[in-house]
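Novice: Quick one: the structure is below, and I'll ask about it shortly.
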Amino acid sequence: MKTTTLLATQAYITGAAVEGLLKTITGRTRPSFYGPNEIAKPMFKGPFAKSIDYTGAKTNSSFPSGHTTVAFAAATVYAMEYKDKPLVPILCYTSASLIGLSRITENKHWLTDVVVGAALGYLTGRQVVNNYHRYAAVKNAKAKKGDLSFNLQYSQSVVMPGLVYRFR
């Protein structure tokens, strides 16, 4: 569980970093940018755009959905690490999907923001887990072989070089 939580945290941070970069580059307006009597249409305003909605809130950070990205990143890690327990992936992805749906119903994101956020989170979580398992396989392969190391010992003003071989 400890390793899985660390992997989920890494996926969360990685997903949030990529999502933040994409938000800055795209500058997409939120649905709340438009007043109640206006026709809403998504606009990409580009890097560092400043948009204020009719209530005075900043609205140029819609694409992709950050909440959905990090929810799917963490959900993917838990789903992959506990795939032998059928209920875990179902609960993880259902929870992440409900988070994405809430962002649409709260008028914070367009559908495409949520879909791209979900895909980004899924890919981020999957990459983190795959990298960890590749690293663990390489580390275990090295650990199965014997280790040969050189060491120096210092005792009573005498330096003693030596070789140490560990059998595994």
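Novice: Is it the case, given these coordinates, that T124 is touching a residue at least 60 places away in the same chain (Cβ under 8 Å), touching a Lys or Arg at 6+ places or on another chain (Cβ under 8 Å) and surrounded by 17 or more Cβ atoms within 10 Å (Cβ to Cβ)?
Specialist: no
Novice: Now for a different question. What number of residues within region 1-39 are surrounded by 15 or more Cβ atoms within 10 Å (Cβ to Cβ) and either free of Cβ contacts under 8 Å to residues at least 24 places away in the same chain or among the charged types (D, E, K, R) (or both)?
Specialist: Residues flagged as surrounded by 15 or more Cβ atoms within 10 Å (Cβ to Cβ) and either free of Cβ contacts under 8 Å to residues at least 24 places away in the same chain or among the charged types (D, E, K, R) (or both) within region 1-39 amount to 5.
Novice: I'd like the full set of residues that are surrounded by 24 or more Cβ atoms within 10 Å (Cβ to Cβ) and outside any helix (DSSP H, G or I), limited to region 106-120.
Specialist: Passing the criteria: only H109.
No lab work stands behind these numbers, since they all come straight from the coordinates. Since this is a predicted model, take the numbers as computed values, not measurements. As a convention, Cβ positions derive from the backbone with ideal geometry for all residues, glycine included, and neighbour counts pool all protein chains shown.
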